[in-house]
Amino acid sequence: MAATMSNVEEIRNRVILGEFNVKNVHSSDFPGNYPGYDDTWDMQKFQKVPTMAIEKVFIYNNTSIVQDEVLAHRLGLVPIRADPRLFEYRNTGEEASEEEGSEIDTIQLQLKIKCSRNPRASKDSSDPRELYLNHMVYSRDIKWVPLGNQADVFADAVIGPVHDDILIAQLRPGHELDIVMHCVKGLGKDHAKFSPVATASYRLLPEITLLEPVEGEKAERLKRCFSRGVIDIEDVNGKKVAKVVNSRLDTCSREVLRHDDLKKLVKIGRLRDHFIFTVESTGILAPDVLVTEAIKVLMTKCQRFLNELDSTDME
């Protein structure tokens with residue numbers, strides 16, 4: 001049924017959350033209000049922000065139970081802390097693949113570790129942490145080996161794994177790893193290891209409106225129905241009264257709609273034109289830097305599109 005003029009404005013500007021469904025969200029009703037432009041900031045834009053990741057793994061010795069190809073795959077997915085803006089892309093092609101990396105396009109890392117028995121371990125102990133030395137290989141064991149003048153250029157930088165507690169392999173006495181890794185600059189659209197973000201999403205700003213004063217025990221229950229910090233209890237003339245403090249913190253779980261005596265006292269919705277963007281970085285670059293670089297990628301694409309329009313002969 002068509003909407004009446006009295007609630008057209010509300011439908012344009014609000015998304016009403018019902019008990020079992022979401023109303024007024026069909027984009028074809030009001031194409032002018034469709035938030036499709038916000039899809040510009042999906043994962044695809046961040047996948048075009050370059051990062052540094054392990055591309056080649058040279059295994060000189062691996063006597064652990066982890067196969068070479070599995071070990072190389074695990075190492076390739078370890079996030080590397082290095083500013084990609086300070087490096088160049090490596091040349092592609094068969095000839096370039098045989099060339100060794102240089103200080104302007106390659107970071108060299110090394111993992112060299114050997115497990116041995118702990119001579120000070122108790123004879124009655126069965127704990128591997130006490131019996132063996134270096135039996136757990138973590139990302140902290142990966143060391144940076146400067147190439148050329150990198151030691152001077154990146155004297156103040158800390159190049160290496162973002163997290164130092166990533167488990168790579170488990171060893172036993174006699175097992176040894178001797179590995180050299182080369183990191184290069186790449187894009188997440190080519191391989192997931194180059195992705196600078198874990199998640200990138202947006203949501204509409206929640207809006208919570210109390211239709212009637214909620215007091216006493218109902219106010220306490222209403223507060224528990226929402227995320228912490230959304231509803232607060234204030235003292236008004238000796239009575240506990242519920243008050244909406246920060247609706248932004250709400251996850252829109254609609255828990256309040258399970259209470260028959262409360263669901264008619266509150267109205268839950270979202271603002272159609274207020275978007276909250278969330279970018280979770282892998283730690284290689286700060287989130288604000290990622291957004292800035294993604295904006296530059298978008299500007300470059302827009303400029304390329306405008307140049308194509310200018311270069312096209314209009315008949």
Pair list, Cβ < 9 Å and 6+ apart or interchain, from the stretch 124-148 residues that are at positive phi to residues that are open to solvent by 60 Å² or more (accessible area, probe 1.4 Å): N134/K114; G148/E103; G148/I104
Inter-residue pairs, beta-carbon under 6 Å, first basic (K, R) and in the stretch 160-185, second in a loop (DSSP other than H, G, I, E, B), 6+ apart: R172/C115; K185/P50; K185/F87; K185/Y89
Subset of the stretch 190-203 that is at pLDDT 85 or above and open to solvent by 30 Å² or more (accessible area, probe 1.4 Å) - its residue that is farthest from T63 (Cα to Cα): D190
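Just for strands (runs of 3 or more DSSP E) wholly inside the stretch 204-315: which have at least 3 residues that are open to solvent by less than 60 Å² (accessible area, probe 1.4 Å), under 30 Å from L187 (Cα atoms) and in contact (Cβ under 8 Å) with a residue 24 or more places away in the chain? Explain how you work it out, then say what you get.
Working: elements: 231-236, 239-244, 266-281.
Fully inside the stretch 204-315 and qualifying: 266-281.
The values are calculated or read from the model by the stated rules, or taken from the named source; none is laboratory data. In this text, all values refer to a predicted model and were calculated from it rather than measured experimentally. Neighbour counts are summed over all protein chains in view; Cβ atoms, including those assigned to glycine, are modelled from backbone coordinates with ideal geometry. What goes into the accessible areas is simple: the full protein's heavy atoms, side chains included, and nothing from ligands, DNA or RNA. Shrake-Rupley method; radii C 1.70, N 1.55, O 1.52, S 1.80 Å.
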